[in-house]
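What follows is one structure encoded as structure tokens, with my remarks underneath.
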Amino acid sequence: MTDPTGRNGVKTLGIKLPSELHAQFSLVAQLDELNLGDAVLRAVELYVQTKRSEPDFAARAAAALEEIEREAKSRRDAIEGLFGGEAAPGKAASRSKKAEPQG
């Protein structure tokens, strides 16, 4: 899938920090010879790595995935209901078939 923003999948994040924390963060980044953007990237990577190692994190992620699947099924059923149980126009009637690779 192409990236409509033209930024190769990079997202911009604006955050607000209390002044004291910002000053400390800036100093630490400077001492590590990092710009603030690179320091934030490292901090986020560390946060994600830390969360992944928590004992219940995989179970919480699985529960979130199940909820997403339930919501998707509900929306799919609602759309199909609009068309009398048939698939939406332009779509295959069976949703159990996997899309064949385009070649």
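The values are calculated or read from the model by the stated rules, or taken from the named source; none is laboratory data. Bear in mind the structure is a predicted one, so any value in this text is a computation, not a measurement. Please note: Cβ atoms are built from the backbone with ideal geometry, for glycine as well, and neighbour counts cover all protein chains shown. Calculation scope for accessible area: heavy atoms of the full protein, side chains included, ligands and nucleic acids excluded. Shrake-Rupley method; radii C 1.70, N 1.55, O 1.52, S 1.80 Å.
A few notes on this one:
- Per-residue 3J(HN,Hα) values for the range 23-33, derived from phi via the Karplus relation 6.51 cos²θ - 1.76 cosθ + 1.60 with θ = phi - 60°, read 4, 5, 4, 4, 5, 4, 4, 4, 5, 8, 6 Hz in sequence order (x marks Gly and Pro).
- Probe 1.4 Å, all protein chains present, accessible-area order of 73, 51, largest first: 73, 51
- Taking all protein chains as they are arranged and a probe of 1.4 Å, the heavy atoms of residue 13 leave approximately 130 Å² accessible to solvent.
- Ranking 12, 50 from most to least accessible surface, computed with a 1.4 Å probe over the protein chains only, gives 12, 50.
- Among residues other than residue 62 with Cβ under 11 Å from its Cβ, the summed charge is -3 (Lys and Arg +1, Asp and Glu -1).
- Rolling a 1.4 Å probe over the protein chains gives residue 83 an accessible area of about 80 Å².
- Bridging of residue 11 to aspartates and glutamates at a Cα separation below 17 Å is possible for 3, 38, 45, once same-chain residues fewer than 8 apart are set aside.
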